[in-house]
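A quick write-up on the structure given underneath.
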Amino acid sequence: CVPLDSHEGSYEKKFRVLLEALRTGHPDTEGAQARLLALLRPIHYETEYEGHLARFTGRTWLLDRIERWLHDPKAATVFWLTGGPGSGKTAISAWLCARHPDVAAYHFCRFDDRLKSDPAQAVRSIVWQLSTQFADYFSSLSAVPALDQICQTNDAATLFGHLWIDQ
């Protein structure tokens, strides 16, 4: 529902659901969103996000370059950020997520974390995040035949194809 001015209808609908949950004391835990949450099992990135953002400093030359890229309609579709361990890639990514409300989904990979280095789990997490930001995508995803079976696969390409490309 963010930004409000461009999603007012979605906001009103979700607000009514929230009010009903507060009034009755029974949120809709059996609904489509709860089903998607259970199937996709998204990764929670609060530790990476908050920890890196709190310690972020400098790199204005890179931030300026990223901002120019974001605002250049003729720029490449991908900005590839590389660097060695500890060079600040995750910190820059967290900063961008915090400063750009149009970032709808993100993934912080960690080589020493089985879930955060698993490509299939990365797809599931990104799909979940996108489903919470785009009502049409959420509806389309919720209507996927055999969604339960698709979400059980550990093949990232299959998940990407069925849950992202086909939608």
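Straight-line cross-link partners of K14 among the aspartates and glutamates, defined as a Cα under 12 Å from its Cα and at least 8 positions apart when in the same chain: D28. Where a ≥ b ≥ c are the square roots of the eigenvalues of the C-alpha gyration tensor, would you call segment 105-154 rounded, which needs a/c under 1.5, or, failing that, prolate if a/b is larger than b/c, or oblate? Judged from the Cα gyration tensor, segment 105-154 comes out oblate (a/c at least 1.5, b/c at or above a/b). Taking 7 Å steps out from each Cα toward its Cβ at A76 and E20 produces label points 4.8 nm apart. Taking a ≥ b ≥ c as the square roots of the eigenvalues of the alpha carbon gyration tensor, segment 83-167 is oblate, as a/c is not under 1.5 and a/b does not beat b/c. Among A156, T57, T132, which residue has its Cα furthest toward the positive end of the charge dipole of the chain, with +1 on Lys/Arg Cβ and -1 on Asp/Glu Cβ? With unit charges placed on the Cβ atoms, the residue in question is T57. Counting only Cβ charges, +1 for Lys and Arg and -1 for Asp and Glu, the dipole size of the chain around its Cα centre is about 380 debye. Secondary-structure-derived ellipticity at 222 nm for the chain, considering helices only, amounts to -16500 deg cm²/dmol, per-run term -39500 (n - 2.57) for DSSP H runs with n ≥ 4.
Note on K89: lysines with a C-alpha under 22 Å away, same-chain residues under 8 apart excluded, are K116. Counting Lys and Arg as +1 and Asp and Glu as -1 over every other residue whose Cβ lies under 11 Å from the Cβ of I92, the net charge comes to +4.
Qualifying trypsin sites (Lys or Arg not before Pro) in segment 19-86, where qualification requires a DSSP coil assignment and no more than 14 other C-beta atoms within 10 Å, comprise K74.
Read-outs: derived from the displayed coordinates by stated rules, not from any lab. Keep in mind it's a predicted model, so treat the numbers as computed, not measured. Note that each Cβ is placed from the backbone with ideal geometry, even for glycine, and that neighbours are counted across all protein chains shown.
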